[in-house]
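The values are calculated or read from the model by the stated rules, or taken from the named source; none is laboratory data. Since this is a predicted model, take the numbers as computed values, not measurements. Methodologically, a virtual Cβ is constructed for each residue, glycine included, from the backbone with ideal geometry; neighbour enumeration extends over all protein chains shown. For accessibility, only protein heavy atoms count, side chains too; no ligands or nucleic acids. Shrake-Rupley method; radii C 1.70, N 1.55, O 1.52, S 1.80 Å.
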Amino acid sequence: MVNAGATLKASDKVKVESNGQNGIYVKESKATLTSVTVKNNSKYGIAAEKKSTVTINKCTVEKNKSYGINIAGEKTTATVKSTTVKNNKNTGIMVNTKSTVKELTSNKVTNNGTLGICVKGGATVNKVQKNTITGHTKYGMSLYDSKVSNVKNNKLSNPKGKAEIYVKNCKTNVTTMAIVKVKNVKASSKKVT
């Protein structure tokens, strides 16, 4: 746990695994995680909450019992790039509760329970680009009650899901027409960019 104004810098193949709660929990602090493996934890792989700033780069987050990555709380900011998020029980990347993510770019989000990426609860994401999102049972991306900008050049393939992208009450550049096209592509199991 990184708490109360502390700063964590973890890199060079550090492994955090099999904890009874979260793998890495950042609260009211700063963390830069590079080339860190976080797996087999009882709750979230990485959680950033309550006025935290987190950069996650080139990490592997896998086989956690809930979300792979959870970004939540007003004044919490994050960047997640070039990270593999796979085989987590619930959602790959959850952005929630008025948090802000500067970018979700070049990530591989694969086989995480129901949702690949979920943005909700008044959260803001400024950039969602060049992600590969595959193998989820409900939606590749779920965007609701939030603001999500610059969604482009993502590859989605979630043939067992209801749709590739779900949008409700969200300010975004993903349009209703795009959702219809995504649903049609899903039926033929082609990748969507």
Within the range 147-164, identify whether any single residue is within 24 Å of residue 43 (Cα to Cα) and surrounded by fewer than 17 Cβ atoms within 10 Å (Cβ to Cβ), and answer yes or no. no
How many residues does the range 48-102 contain that are small (Gly, Ala, Ser), within 18 Å of residue 127 (Cα to Cα) and buried (at least 24 other Cβ atoms within 10 Å of the Cβ)? 3
Residues satisfying the stated conditions in the range 123-142, i.e. small (Gly, Ala, Ser), open to solvent by less than 10 Å² (accessible area, probe 1.4 Å) and not in a strand (DSSP E or B): 123
Positions within the range 37-56 being over 15 Å from residue 95 (Cβ atoms) and either modelled with pLDDT under 95 or not aliphatic (A, V, I, L, M) (or both), in sequence order: 37, 39, 40, 41, 42, 43, 51
Quick check on residue 62: is it out of contact with any helix residue (DSSP H, G or I) (no Cβ under 8 Å at 6 or more places or on another chain), modelled with pLDDT under 95 and at negative phi? no
Across the range 143-193, what is the number of residues that are modelled with pLDDT of 90 or more and outside any strand (DSSP E or B)? 9
What pairs can you find where one residue is in the range 86-103 and over 13 Å from residue 133 (Cβ atoms) and without any contact (Cβ under 8 Å) to a residue 40 or more places away in the chain, the other is open to solvent by 50 Å² or more (accessible area, probe 1.4 Å) and outside any loop (DSSP other than H, G, I, E, B), and their Cβ atoms are less than 8 Å apart, with a gap of 6+ or different chains? 103/81
Pairs please, first residue from the range 19-34 and aliphatic (A, V, I, L, M), second anywhere and assigned to a loop (DSSP other than H, G, I, E, B), Cβ atoms under 6 Å, 6+ apart in sequence or on different chains. 26/52; 33/59
